[in-house]
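Enquirer: One structure, pasted below without further comment.
Laboratory data are not the source of any read-out in this text; all were calculated from the coordinates shown. Fair warning: this is a prediction, and the values are worked out from it, not measured in the lab. We place every Cβ from the backbone using ideal geometry, glycine too, and count neighbours over all the protein chains shown.
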């Protein structure tokens, strides 16, 4: 036994000497990190140290200032450990995440120095300041053997972060393909396009084929990227024009279920100023008709929009069908109802975890996107099953009032709670919000649900007023701090606030154009922080 202890002590001593010896050079080891992008994932690689060591890979919210020191915990989004000299990560991290790796041993954490840091934008071969300079891709085509009517639906893929689009019509191919400037041969253009489709009207055009292209714009009308490839439309004036809207579903396949409070989105139809959305319990018996279905269970008319929020929680299990039709200025149908889109309610999908809150939880962002676009929902990027019980516009009081109705039927084991933003920015005292959150916590515990609170991310009052023309109370920062202090005292919480603070402790524009709702980058960041802490809060 003594011999074994002696050998063990001698081995440990020799290893320590090796690690600290300047002659060996292990204490100056600095990995050279490389990142590549392939097959919908990123691959991190670095040289292996010729010494027994594992590696820790860090995902950081900001670039580190040096390669010798650890970063503050509020800067580290996530970390991974591996004995290999490579790591595969998915695309669900924000593009402006910074990565580095270090060798770790029994005695030194790290051994030597941290590697160089690298961002995902570099892996795509483009610097961060031009990464978003992308082009839309047309998805509708009308060749000579399959022409369009004089009012075809023109569609393209969504440009993340685009608030609206500019569509340009041309008599021939442009002299400046994929440029940032309009063509000198432009016939017409429109900027009244707030989704990834446009029901064009070519009644003014005398030819039988025309060209079009599109580019994305931000909230100030500045192009986000270049024009798309140019698409050609052949026209047959004998064809009946499109008169029905086109359902615009952005749900990812095999991902999250439809939110408890669904949102419905479509591509508008020419001539309509309002839209009637109809929800049915069975497939409509009159497809594309103009009359209401006998299976109708709910309907709503919205004006000047291309989406609609359901007023009611869809909590009864089963399949649902929704469709939409246009209405003109005289209140008459522009045409028939759209094709019906389907979604299903399955309460068992919420038995593991659910998210509960206001519009930040419900989804949407970048001004023009609703919860119908799942790219703007943080639940899309979580690594565990979850159902979305958020409701846009909720105050903490409203969340408490609907808890029994909306949460208990799902019987979730874990409930992620984020609420109080609307209350505080509207002047409700922090003490009242804390009282509401405490009551929600107590309801969870009474019903065998573990409440997991998220701290409130900051807001940007100037941006909120610019977009929504809504004032924010002057003391919002103090009130947010008070509520977050309460949340940090709870047994189970995840602190997301520090990752969203700028130098003024407000929400930076690159996370939320409207100053309130995190966009795709912000939603990905929220999810990855939750993913990194999930094991801790559920054990």
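Enquirer: Rounded to the nearest 0.05, what FRET efficiency is calculated for residue 504 and residue 45 with R0 set to 41 Å and r the Cβ-Cβ distance?
Expert: According to the calculation, E is roughly 0.60.
Enquirer: If you don't mind, there's one more thing I want to ask. Over all Cα pairs of the stretch 153-234, how is the pair count split among 10 Å bins, expressed in % and running from 0 up to the last occupied bin?
Expert: 18, 55, 25, 2
Enquirer: Checking the a/c ratio against 1.5 first, then a/b against b/c, what shape does the Cα gyration tensor give for the stretch 169-327?
Expert: It comes out prolate by the Cα gyration axes.
Enquirer: Take residue 332, project a point 7 Å from its Cα along the Cβ direction, then tell me which residues of the stretch 265-301 have their backbone nitrogen under 19 Å from it.
Expert: 269-276, 289-292
Enquirer: Hey, rough spin-label estimate for residue 172 and residue 294, points 7 angstrom out along Cα→Cβ, what's it come to in nanometres?
Expert: The modelled label-to-label distance comes out at 5.9 nm.
Enquirer: Related question: Identify the residues of the stretch 279-320 with backbone N under 16 Å of a label point that sits 7 angstrom from the Cα of residue 240 along the Cα-to-Cβ direction, or state none.
Expert: From the stretch 279-320, the list is 286-291.
Enquirer: Given bins 5 angstrom wide, list per bin the percent of all Cα-Cα distances in the stretch 406-539, short to long.
Expert: 2, 10, 19, 21, 20, 15, 8, 4, 0
Enquirer: Roughly what would the spin-label model give for residue 157 and residue 38, points 7 Å off Cα along C-beta, in nm?
Expert: 2.0 nm
Enquirer: Quickly rank 467-473, 368-374 as a protection proxy: mean count of other C-beta atoms within 10 Å, highest first.
Expert: 368-374, 467-473
Enquirer: Related question: Counting only helical runs of four or more DSSP H residues, what would the 222 nm mean residue ellipticity of the chain come to if each run contributes -39,500 (n - 2.57) and the total is spread over all its residues?
Expert: Helix-only estimate at 222 nm: -5500 deg cm²/dmol.
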